[in-house]
DNA sequence: GTCTATATGGGGATAGAC
DNA sequence: GTCTATCCCCATATAGAC
């Protein structure tokens, strides 16, 4: 019974190759060759290339979003009846994703590239599923941010959340380059350093005074 | 002599299809069908699919970056011997790109999607050319920002510029969704509104006090 | 469950007539 | 400069033996 091993081998190889070349750019032949399994195994264990891609993505994404909600809930308990501080909210949103850069067992850099691309510009066959996956998250975070930022109009909050998400996705996708450059730029510490600078940047951006009257 | 018309027709069709499906996802057959020209015309006017893609991208990108440098130079002249104010620097960087969303003649939304994807995660056959294209720009803007933000350590400036770039690319890639949602979210004005909110957000993020001592 | 072999279609690129 | 026809390779998916 190494059916599970075959499945996992395919998922791991697909993660690397989809991460490097994207969905249309990686072929099932490359994937099965890298996994050391037969070509036909993909269509047996997964139904199609698209379904394989879905599994590759959601296997990693679901734990990230679950961790975000867990941390946010913990932060809310810690805050009692006060709003969760802005920086704390941001940290629960950013850290669960970016810490994957240094954790190959949770997908590592290939997963970050893959997810960033899909959120920047979702492939049609994924966009509805992504909306469903993120809807509860976005509801909870919109609420948490508006509590932490009383007086910010919803439309401004909407834009600022988009900007914060975009900044996060960009550095997530580029962790590999940053890790390379960090050796020349000085002690960059592209993992924890990036997270702390990003939380700081987003806190300043989200917390700045509203442009429009409340 | 409608060789030029054929070339342009191919470029325009390729821009739309590469924008929708990416480089590996769009085929030369789809492109020549949409352009109403023969399949062989691509290899005659361009040398290969990769060269076609390069032309599609740089035809739009070069004017954007030229406009950025022109505006920054004008702002510097206006400021005299003072540093250009932070918001003004950001505006010259952000506006030339994002205003393309409402300007189909300069590439419109398909170009924004295409460029955002390529900067988030450059295809290997483009990455060197992209570095060359952006190098003078990044040098000038790094200088302008460090003048506008005395006392900010270079490493922090580096991160904050990356975050600002990421936020810009994300909203550039998603202009289409925002335009759709703006009808339900109220008077979003996804063009000028987005630019002003983004400049504001980045100004707050870049201008916040340094984490580390200078 | 895993393999070989193959069906079927599409891909990029090109030769050579017009 | 443009077209037709074609080369050759690779893609996804499946049928059927083991």
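The values are calculated or read from the model by the stated rules, or taken from the named source; none is laboratory data. Only a predicted model underlies this, so the values are computations on that prediction, with no experimental measurement involved. All Cβ positions, glycine included, derive from the backbone under ideal geometry; neighbour counts span all protein chains shown.
Numbers below:
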item	result
Qualifying residue in segment A:7-21 (condition: within 14 Å of chain B (Cβ to nearest Cβ), free of Cβ contacts under 8 Å to residues at least 60 places away in the same chain and either surrounded by fewer than 19 Cβ atoms within 10 Å (Cβ to Cβ) or more than 16 Å from DNA strand C (Cβ to nearest atom) (or both))	yes
Leading residue by the ranking (nearest to the other protein chains (Cβ to nearest Cβ)) among those in segment A:22-45 that are under 20 Å from residue A:115 (Cα atoms) and more than 10 Å from DNA strand C (Cβ to nearest atom)	A:25
Flag if residue A:91 is touching a residue at least 12 places away in the same chain (Cβ under 8 Å), within 18 Å of the chain's Cα centre (by Cα), assigned by TED's automatic domain parsing to the domain that holds residue A:197 and within 19 Å of residue A:207 (Cα to Cα)	yes
Among residues of segment B:23-32, those that are within 14 Å of DNA strand D (Cβ to nearest atom) and in contact (Cβ under 8 Å) with a residue 12 or more places away in the chain, counted	3
Output for segment B:46-64, where each listed residue is surrounded by 15 or more Cβ atoms within 10 Å (Cβ to Cβ) and either within 16 Å of DNA strand D (Cβ to nearest atom) or within 14 Å of chain A (Cβ to nearest Cβ) (or both)	B:46, B:49, B:52, B:53, B:55
Members of segment A:157-198 that are surrounded by fewer than 22 Cβ atoms within 10 Å (Cβ to Cβ) and under 29 Å from residue B:175 (Cα atoms)	A:157, A:158, A:161, A:162, A:175, A:176, A:177, A:178, A:195, A:196
One residue from A:40, A:35, A:13, A:5 being within 12 Å of DNA strand D (Cβ to nearest atom) and not assigned by TED's automatic domain parsing to the domain that holds residue A:193	A:40
Matching helices (runs of 4 or more DSSP H) fully within segment B:95-214 where at least 3 residues are within 23 Å of residue A:204 (Cβ to Cβ)	B:124-148, B:154-173, B:192-207
Which numbered condition residue A:163 fails, given (1) facing another protein chain (nearest Cβ under 9 Å); (2) within 19 Å of residue A:72 (Cβ to Cβ); (3) in contact (Cβ under 8 Å) with a residue 12 or more places away in the chain	(2)
Residue match in segment B:100-111 (condition: more than 25 Å from residue B:163 (Cβ to Cβ), in contact with a helix residue (DSSP H, G or I) (Cβ under 7 Å, 6 or more places away or on another chain), away from DNA strand C (no atom under 16 Å from the Cβ) and within 14 Å of chain A (Cβ to nearest Cβ))	yes
Candidates B:130, B:78, B:86, B:115 - the one that is assigned by TED's automatic domain parsing to the domain that holds residue B:173, surrounded by fewer than 16 Cβ atoms within 10 Å (Cβ to Cβ) and at pLDDT 95 or above	B:78
